[in-house]
Amino acid sequence: MMDSYDVIVAGGSISGLLAAREIASAGFSVAVIEEDSEIGTPEHCGGLVSMQGIQDLSIIPSSGAIQNNIKYAKIFSPSKSFELNAVEQKVIVLDRRVFDKQIAFQAQKMGAEIKVKCSMRSVSQDAVSDTRKCTVKTSEGDLLSTYFIDARGVSSILQRNREGILQSAQYEVYTEWIDQDTVEVKFDKDKYPGFFAWVIPTGSGSGKVGVAGRSINAANVLKSYLESKGEKYSIVRKVYAPIWTLGPLKNFVFNNTLVIGDAAGQTKPTTAGGIYTCGMGGICAGRAIVKALEENNDRLLKHYEKNWFSMFKREFDKMLFARRLLERLDNKAIDDIFSNISNSEIKDVSTSGNFDFHSNAITKILSTKGAIKIIRTMIGSEIRHLYK
Ligand SMILES: Cc1cc2nc3c(=O)[nH]c(=O)nc-3n(C[C@H](O)[C@H](O)[C@H](O)COP(=O)(O)OP(=O)(O)OC[C@H]3O[C@@H](n4cnc5c(N)ncnc54)[C@H](O)[C@@H]3O)c2cc1C
């Protein structure tokens, strides 16, 4: 006799665990299967998120999950830079190894079952013809469920489309030059085409340093970045992971399968940040499933798409446009834009910015008088879309 659940979730990271928490808290049976042998490990995340975003996901991170509080963001072009004050946005750095376990604990307390070292192999809906159950084949045997959630991260979206994938490398590094209070972002189209290099401090002299870009050898590029600092460093952990930058899939619901989180393209196209937006994907999907189970009506699953898009569509459209625009600017244009940003414009972005909905901050920077002039000469009337 196969074990049977209302819902099976493949992927035990932020989106899958939050979906499971919502479903279990309404009294339905749910199992999360995770192919790795430990929740939260290997960590493939910078952990940068706002405190507000985490609270919106109904989580109060434990002190052990918070590695640092960020005060400033220093943004570099190839030869210029400016600094934003991030104090009001209450940006924190999470240790995802601890944080994800905290969500797993929440989900388990609500009644979810979590199985590690259990890999989902396939799902089929017609194997049990006289019921509307799906058969989920796993490395530990077959399971039955009414609904299936695909929360397998970028590996799932890779099977649909490889075009939006950039290669990234992120190392945990100990080195003197890391300033505990300041996140660094460096744009250089020649070195990091389509993305940037970043430093996320986890303490004084330690941090997560990474690069991503189109068709780059991320390990070599990161080595050059670290060596360019001219100081000694030790690498204590290395992560290589693909990141997705093309925005959400058109649909998240396919018969009795719901796709959530990175697997649904719910990461921000500008920064590939997904803790908040993917977490919300898990919550919206979990709540839609609860309604569908309560009313025995599959059509209610569509509420998941409707609710996620009503929160994020406008924001993601703007970020996608900003990404396309930035990809077309060369290093000189980026330097020129940076040179033209005034102190009052920097102050305005610092005080009015929202970390979780940052397209407004990007729009403000790209709408300074100097920037408009530079961009207009490069791409003409297309710029109007950004300011709509
Ligand atoms: C280098 C890097 C830095 C990042 N930094 C940030 C940041 O600073 N801030 C931010 O907000 N976001 C950041 N992100 C993005 C963020 O990590 C993701 O958006 C977020 O973790 C997505 O959560 P998820 O639950 O959708 O998927 P994932 O976290 O990708 O988890 C998918 C899970 O599914 C499991 N899985 C895969 N296949 C199977 C299978 N067949 N069976 C069972 N389990 C399976 C995997 O083992 C994994 O645990 C970063 C990403 C990368 C790569």
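The values are calculated or read from the model by the stated rules, or taken from the named source; none is laboratory data. On a predicted model such as this, the values are computed, not experimentally measured, just so you know. All Cβ positions, glycine included, derive from the backbone under ideal geometry; neighbour counts span all protein chains shown. For the accessible areas, the whole protein counts, side chains as well, though only heavy atoms, and no ligand, DNA or RNA atoms are used. Shrake-Rupley method; radii C 1.70, N 1.55, O 1.52, S 1.80 Å.
For the chain, the per residue solvent-accessible surface stands at 45 Å², with DNA, RNA and ligands left out and a 1.4 Å probe.
Applying 1/(1 + (r/R0)^6) with r as the Cβ-Cβ distance of Phe105 and Arg132 and R0 = 22 angstrom yields a FRET efficiency of 0.10. For the set Glu345, Glu176, solvent exposure ranked by accessible area (probe 1.4 Å, protein chains only) runs largest to smallest as Glu176, Glu345.
Kirkwood analysis of the stretch 142-260, using all unique Cα-Cα pairs, places the hydrodynamic radius at 16.3 Å.
Relative to the present Cα-Cα distance, how much length would full extension add between Asn296 and Glu327 at 0.36 nm per residue of separation?
Numbers: separation 31, 0.36 × 31 = 11.16 nm, distance 4.66 nm.
Using 0.36 nm per residue and subtracting the Cα-Cα distance, I get 6.5 nm.
Derived from the Cα gyration tensor, the three semi-axes of the equivalent ellipsoid of the stretch 1-82 are 35, 16, 11 Å, largest first.
For the stretch 220-226, putting each phi into the Karplus relation 6.51 cos²θ - 1.76 cosθ + 1.60 with θ = phi - 60° gives couplings of 5, 5, 5, 4, 5, 4, 5 Hz, in residue order, rounded to whole numbers and with x for Gly and Pro. Given a Förster radius of 25 Å and the C-beta distance between Asp56 and Lys115 as r, what FRET efficiency does 1/(1 + (r/R0)^6) yield to the nearest 0.05? Efficiency for this residue pair is about 0.35. Over 27 Å apart at the Cα level, from the set Lys71/Lys268; Lys101/Lys191; Lys101/Lys232; Lys189/Lys318, are Lys101/Lys191; Lys101/Lys232. Each residue of the stretch 49-59 is assigned a 3J(HN,Hα), and the resulting list reads 7, 8, 4, 4, x, 5, 5, 4, 8, 6, 10 Hz, derived from the Karplus form 6.51 cos²θ - 1.76 cosθ + 1.60 (θ = phi - 60°), x at Gly and Pro. Mean residue ellipticity at 222 nm, helices only, the chain: -11000 deg cm²/dmol; runs of at least 4 DSSP H residues each add -39,500 (n - 2.57), and the sum is divided by the number of residues. The simple spin-label model puts a point 7 Å past each Cα toward its Cβ; for Asn69 and Asp3 those points are separated by 4.2 nm.
Find out how many positive minus negative residues lie around Met110, taking Lys and Arg as positive, Asp and Glu as negative, among other residues whose Cβ is under 9 Å from that of Met110.
On the way: positive: Arg21, Lys109; negative: Glu22.
Overall, the nearby charge balance is +1.
Taking amide hydrogens as placed 1.01 Å from N in the peptide plane, the amide H of Val32 sits under 5 Å from those of Val9, Glu113, Ile114, Lys115, each at least 5 positions away in sequence or on another chain.
Note on the stretch 74-154: Cα Rg divided by 2.2 N^0.38 Å, N the number of residues, gives 1.83. Measuring with a 1.4 angstrom probe and ignoring ligands and nucleic acids, Asp262 comes out at about 40 Å² accessible.
Sorting Arg324, Arg97 by accessible area puts them as Arg324, Arg97; the probe is 1.4 Å, largest comes first, and only protein heavy atoms count.
Across the alpha-carbon atoms of the stretch 157-227, the computed radius of gyration and Dmax are 13.2, 42 angstrom.
Using the Cβ atoms and a cut-off under 10 Å, what net charge is assigned to the surroundings of Ala151, where Lys and Arg are +1 and Asp and Glu are -1?
Numbers: positive: Arg152; negative: Glu34, Asp150, Asp262.
For residues surrounding Ala151, the net value is -2.
Against the compact-protein benchmark of 2.2 N^0.38 Å, the Cα-based radius of gyration of the stretch 256-317 scales to 1.13. The figure for Ser228 is an accessible area of roughly 90 square angstrom, using a 1.4 Å probe on the protein chains alone. Backbone geometry of the stretch 233-250 corresponds, through the Karplus equation with coefficients 6.51, -1.76 and 1.60 at θ = phi - 60°, to 3J(HN,Hα) couplings of 8, 10, 9, 10, 6, 10, 10, 10, 8, x, 10, 10, 10, 9, x, x, 4, 5 Hz, x marking Gly and Pro. Between the stretch 181-224 and the stretch 251-280, the alpha-carbon centres lie 24 Å apart. Give the carbon-plus-sulfur fraction of the accessible surface of the chain in %, rounded to a whole number; probe 1.4 Å, heavy atoms of protein chains only. After summing per-atom areas, the C and S share lands at 49 percent. For the chain, the share of alpha carbon pairs falling in successive 10 Å distance bins from zero is 5, 23, 32, 24, 12, 4, 0 percent. With one equal scatterer per alpha carbon and no solvent term, the Debye-computed log10 I(q)/I(0) for the stretch 1-148 at 0.13, 0.17 1/Å reads -0.66, -0.93. Other residues lying with their Cβ under 12 Å from the Cβ of Asp335 contribute a combined charge of 0, Lys and Arg counting +1, Asp and Glu -1.
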